[in-house]
Amino acid sequence: MKVLIVGSGGREHAIAWKLAQSPKIKKLYAAPGNGGMTELCECVDIAVDDLQGLKTFAKENAVDLTVVGPELPLVLGLSDVFAKENLAVFGPNRACARFEGSKAFTKEFLKRHGIPTAGYKEYTDPDTLKKDVGLFGYPMVLKADGLAAGKGVLITENKEDSLKAIDRLMLSGEFGEASETIVVEEFLTGREASLLCFVDGHTILPMESAQDYKRALDGDLGLNTGGMGTYSPNLLMKDDKLCQTIEETILTPIVEGFKADGLNYKGILFIGLMIDKGVPKVLEFNVRLGDPETQSVLPRLETDLLDIMEACIEERLKDVALQWSEQKTVSVVMASGGYPDAYQKGKEITGTDQVEEAIVFHAGTKRVGDQLVTDGGRVLCVTAKADDFAQAQRTVYRELKKINFDQAFYRKDIADIAVEEE
Ligand code: AMP
Ligand code: GLY
């Protein structure tokens, strides 16, 4: 089969790496891909939001399946455009992608179907919102409704900061249309877990869990990022009773809710959970795989990923049993100095070819002649796999030392808690 992967991050490199192991793959394309994906894929220079360009490429090259990495093309309706041409695509349609395109849409769905989540209220008028400041007490959680590249959630500690946050969200123009509606939520405490699931419209099949580290610096300090590291499995999920509660109170009502609402959801559903004293609540939905969760989860998947994707499309997921390695993974993101604020690009990267005991997934990299250079904030994600977390963590940090570029930084505490608890 010929498969086109849409996207250019570490997640897409991990998808390519896993798909390349399938005996059914004859050719992989990536649009636009990155400096590492060139080893596995023919990279074509088409942007992820160029739906017509992607469609034309898929038709002209007789692509059998298109796998969509990021949310933007899904929210724009890539799956609908492809379906009209009878082109197979893995990723939810536009109606279903609203779960990521609108936080208010997700909250309404969760409420309607009695799925546990933080209490909330929606606002479109800044003055009304200012009158309600502190509605659920402090910290106050304010979320831009639309896509905001992970920056649309503001958590404030007092009235003064909340009023400033409201001005920033609703009056500064910083978030464009994304913050025309604001969702205010009750602040939840507990521990977060990311649950990535395959969905075929009838069946929801969770993958092994992962824990993401969202803050830029050690000790969960610094700004929120797309994710600076992950480990898998999330040890919280060792608790069978918790898994059963998630199944009964979250997963089953989600698929039933999809059906009741006439949503034909096919692809990945990423459920962000907050778990407090054994009680799970939904923080958010994403309609695609997580980055860097994917780089920790796919290396543990033993089942052929292409088979699972085909089963989703053909609504045969109930017959699929996922096989997982018992081994643990630790993934650490190497970022450009300054990320997630401004950073420089074009720095030469050396040493990736010296890494022997870990997988180097590329994200913000490109090849210029025979040089590999930085081309984004999150540059690389290195994953090590071992029998226990301690060994996986030691390996990943040893291998990372071999890689260099000017102003590189990474967190030194990824998976510390897993090492302590195992
Ligand atoms: P979201 O994009 O909605 O997942 O929010 C990004 C991050 O903000 C989450 O991963 C949490 O760390 C935090 N967050 C979001 N909603 C809440 C909430 N209701 N209570 C506490 N923290 C939250
Ligand atoms: N790592 C979180 C995300 O992909 O949204």
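Values in this text are rule-based calculations from the coordinates and carry no lab data. Remember, it's a predicted structure, so these values are computed and weren't measured experimentally. No Cβ is skipped: glycine too gets one built from the backbone with ideal geometry, and neighbour counts run over all protein chains shown.
Amide hydrogen proximity for residue 349: with H placed 1.01 Å from N in the peptide plane, the residues at 5 or more positions away or on another chain lying under 5 Å are 372, 373, 374. Scanning residues 5 or more positions from residue 5 or on other chains, those with amide H under 5 Å from its amide H are 29, 30, 31, 67, with H placed 1.01 Å from N in the peptide plane. Rounded to the nearest 0.05, what FRET efficiency do residue 221 and residue 62 give with R0 = 51 Å and r taken as the Cβ-Cβ distance? Could you check? According to the calculation, E is roughly 0.55.
Amide H contacts of residue 266: 93, each under 5 Å away and 5 or more positions distant or on a separate chain (H built 1.01 Å from N in the peptide plane; Pro and chain starts excluded). Converting phi to 3J(HN,Hα) with the Karplus coefficients 6.51, -1.76 and 1.60 and the offset θ = phi - 60°, segment 147-156 yields 5, 9, 6, x, 9, x, 10, 10, 10, 10 Hz in sequence order, with x at every glycine or proline. A simple charge model with +1 on the Cβ of Lys and Arg, -1 on the Cβ of Asp and Glu and nothing else charged puts the dipole of segment 1-117 at about 520 debye relative to its Cα centre. Given their separation in residues at 0.36 nm each and the Cα-Cα distance between them, residue 214 and residue 302 gain 29.0 nm when the chain is fully extended. Convex hull volume of the C-alpha atoms in segment 284-354, normalised per residue: 183 Å³.
Computed over the Cα atoms of segment 159-267, pair by distinct pair, the Kirkwood hydrodynamic radius stands at 17.3 angstrom. For trypsin sites (Lys or Arg not before Pro), the sites in segment 113-207 that DSSP calls loop and that have at most 16 other Cβ atoms within 10 Å are 151. Note: relative contact order over the chain, using C-alpha pairs below 8 Å and six or more positions apart, is 16 percent.
Listed values for segment 190-204 are Karplus-derived 3J(HN,Hα) couplings in whole Hz (6.51 cos²θ - 1.76 cosθ + 1.60, θ = phi - 60°), namely x, 10, 8, 9, 9, 10, 9, 10, 8, 9, 10, x, 10, 10, 10, and x replaces Gly and Pro. Principal axis analysis of the Cα atoms in segment 16-72 yields extents of 30, 24, 19 Å, listed in decreasing size. Placing +1 on each Lys and Arg Cβ and -1 on each Asp and Glu Cβ, with no other charges, gives segment 302-410 a dipole about its Cα centre of roughly 620 debye. Of all DSSP-defined beta bridges confined to the chain, some 80% are antiparallel rather than parallel.
Working note: Karplus 6.51/-1.76/1.60 with θ = phi - 60° gives segment 314-319 the couplings 8, 6, 10, 5, 5, 8 Hz, where Gly and Pro are set to x.
Ordering of 8-21, 26-39 by packing is 8-21, 26-39, highest average first (other Cβ atoms within 10 Å, averaged per residue). Taking 30 Å as the limit for the C-alpha separation, the pairs 111/151; 2/241; 111/318; 55/143; 26/103 exceed it in the case of 2/241; 55/143; 26/103. Of the GluC sites (Glu not before Pro) found in segment 67-125, those in coil by DSSP whose Cβ has at most 13 other Cβ atoms within 10 Å are 85. Local charge for residue 215 was computed over the other residues whose Cβ lies under 14 Å away, with Lys and Arg +1 and Asp and Glu -1, and equals -2. Taking all Cα-Cα distances within segment 163-212, those exceeding 16 Å account for 65%.
Label positions at residue 402 and residue 172, each projected 7 Å from the Cα along the C-beta direction, are separated by 4.2 nm. The Kirkwood hydrodynamic radius of segment 62-208, based on inverse pair distances between different Cα atoms, is 17.1 Å.
Applying a DSSP loop filter and a limit of 14 other Cβ atoms within 10 Å to the trypsin sites (Lys or Arg not before Pro) in segment 295-367 leaves 345. Summed over qualifying helices (DSSP H, 4 residues or more, each -39500 (n - 2.57)) and divided by its residue number, the chain shows a 222 nm mean residue ellipticity of -7500 deg cm²/dmol. Each Lys and Arg contributes +1 and each Asp and Glu -1, all at the Cβ; summed about the Cα centre of segment 271-341, the dipole is approximately 340 debye. Each 10 Å bin from 0 upward holds the following percent of the Cα-Cα pairs of the chain: 5, 22, 32, 28, 12, 1, 0.
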